[in-house]
Amino acid sequence: MAQQPDIDPIDRREQVRVDRSGSSVRRQRVIKDEGAERQNTIARVNQIIWIIFGIVIGLIAFRIVLRLIVANPEATFAQFVYNVTDIFLWPFYGLTATPTTTSGVAFEISSVIAMVVYALVAWVLTLLVRALFTKTRVRKVETFESD
């Protein structure tokens with residue numbers, strides 16, 4: 001009996017459990033696909049990366065909107081957004097001028113640039129995780145049986 005060609009026996013573990021109780025015999029075959037488990041773990045790590053960077057990017061977007069609508073900087077929510085995003089925008093301060101109108105509307109171009117940079121960093125991190133932890137198949141096993 002030949003194995004399926006798409007299943008690598010190195011990544012596939014099979015276990016048969018036999019339970020004999022009384023007059024009945026119960027057999028249970030458990031197949032563990034380690035390759036699929038690894039892919040699930042990589043996908044989960046990449047999701048976490050996107051969630052973290054998505055929160056940062058979302059807070060920066062809130063900051064941009066608050067500055068555009070001239071939100072009261074003394075309001076609790078505005079203070080929270082400004083304080084949290086200051087940490088992430090620190091490397092981008094002074095990168096460009098912030099156009100401001102006489103009514104106080106400000107468009108933070110450096111914040112938009114920061115959002116793009118953080119999205120690119122998240123994308124590169126997910127590619128790096130995939131490149132480092134995806135197992136490439138370098139071995140092929142074929143089984144032949146004859147009578």
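Multiplying the residue separation of Leu120 and Asn40 by 0.36 nm and subtracting their alpha-carbon distance yields 26.5 nm. Here segment 15-71 and segment 88-117 have alpha carbon centers that stand 35 Å from each other. Residues in segment 15-59, backbone N under 13 Å from the label point at Leu95 (7 Å along the Cα-to-beta-carbon vector): list them, ranges by number please. The answer is 57.
Counted residue by residue at 0.36 nm each, then reduced by the alpha carbon distance between them, the extension gain from Asn83 to Ile113 reaches 8.9 nm. From the Kirkwood radius over Cα pairs of segment 36-133, Stokes-Einstein at 20 °C and 1.002 mPa s returns a whole-number translational diffusion coefficient of 143 µm²/s.
FYI, it's all coordinate maths here, none of it is from the lab. All of these numbers come straight from a predicted model, not from anything done at the bench. Here Cβ is always computed from backbone atoms with ideal geometry, including for glycine, and neighbour counts include all displayed protein chains.
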